[in-house]
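Presented below is the structure to which this report refers.
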Amino acid sequence: QVHLVESGGGLVQAGGSLRLSCAASGVTFRNYDMGWFRQAPGKERDFVAAMSSSGASRLANSVKGRFAISRDNAKNTMYLQMNSLKSEDTAVYYCTADLTFAAVITGRSDYWGQGTRVTVSS
């Protein structure tokens, strides 16, 4: 049973930083491509960042230069470092995993976490 658990969300002032974590279990983590999506109130779920099993990464244009994705295969954990946060970054952030990178970046992954809420106050 694949299980993804996000943590690290919370309330932060604009300009601040947060680091989200996604802990995976029930999978051979190093084999999986991983990603982050977010869903703001009343909006669709949008791609934020992804990292392949080989370490290649991709970021949405809206977060380039502010967010960074990383993974620690020894800890079965993926991270999203979020800096210079803006009010428009307010959303529920979801972790996702799949054996196919294309599935991750298009939101068609097999596995999803329950999400962690990030609120940026202006």
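The values are calculated or read from the model by the stated rules, or taken from the named source; none is laboratory data. Just so we're clear, the structure is a prediction, and the values are computed from it rather than from any experiment. Here Cβ is always computed from backbone atoms with ideal geometry, including for glycine, and neighbour counts include all displayed protein chains. Ligands, DNA and RNA are excluded from the accessible area calculation, which covers all protein heavy atoms including side chains. Shrake-Rupley method; radii C 1.70, N 1.55, O 1.52, S 1.80 Å.
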### Summary
All-but-one check, Phe37 against (1) farther than 23 Å from Leu99 by Cβ; (2) under 11 Å from the mean Cα position of the chain (by Cα), failing number (1)
#### Entry: Pair list, Cβ under 6 Å, 6 or more apart: segment 24-48 residue within 15 Å of Gln1 (Cα to Cα) and free of Cβ contacts under 8 Å to residues at least 40 places away in the same chain, other residue of a type in the set (A, V, I, L, M) and part of a loop (DSSP other than H, G, I, E, B)
Gly26/Val2
### Message
Suppose we filter Arg108, Arg58 for residues that are open to solvent by 40 Å² or more (accessible area, probe 1.4 Å), among the basic types (Lys, Arg), over 14 Å from Glu6 (Cα atoms) and over 14 Å from the mean Cα position of the chain (by Cα); which single one remains?
### Response
Arg108
### Task
Pull up segment 14-55, narrow it to residues that are of a type in the set (D, E, K, R) and in a strand (DSSP E or B), then point me to the one that is surrounded by the most Cβ atoms within 10 Å (Cβ to Cβ).
Arg38
### Query
Can you pull out the residues in segment 75-101 that are in a helix (DSSP H, G or I) and open to solvent by 60 Å² or more (accessible area, probe 1.4 Å)?
Lys75, Glu88
### Message
For a quick check of your reading of the model, give me the residue pairs whose first member lies in segment 101-122 and is more than 16 Å from Ala50 (Cα to Cα) and among the charged types (D, E, K, R), whose second is open to solvent by 20 Å² or more (accessible area, probe 1.4 Å) and not in a strand (DSSP E or B), with beta-carbon atoms closer than 8 Å and at least 6 apart or on different chains.
### Response
Arg117/Gly9
### Odd one out for Asp72, checked against (1) without any contact (Cβ under 8 Å) to a residue 24 or more places away in the chain; (2) open to solvent by 60 Å² or more (accessible area, probe 1.4 Å); (3) closer than 18 Å to Ala24 by Cβ; (4) not polar (S, T, N, Q)
(2)
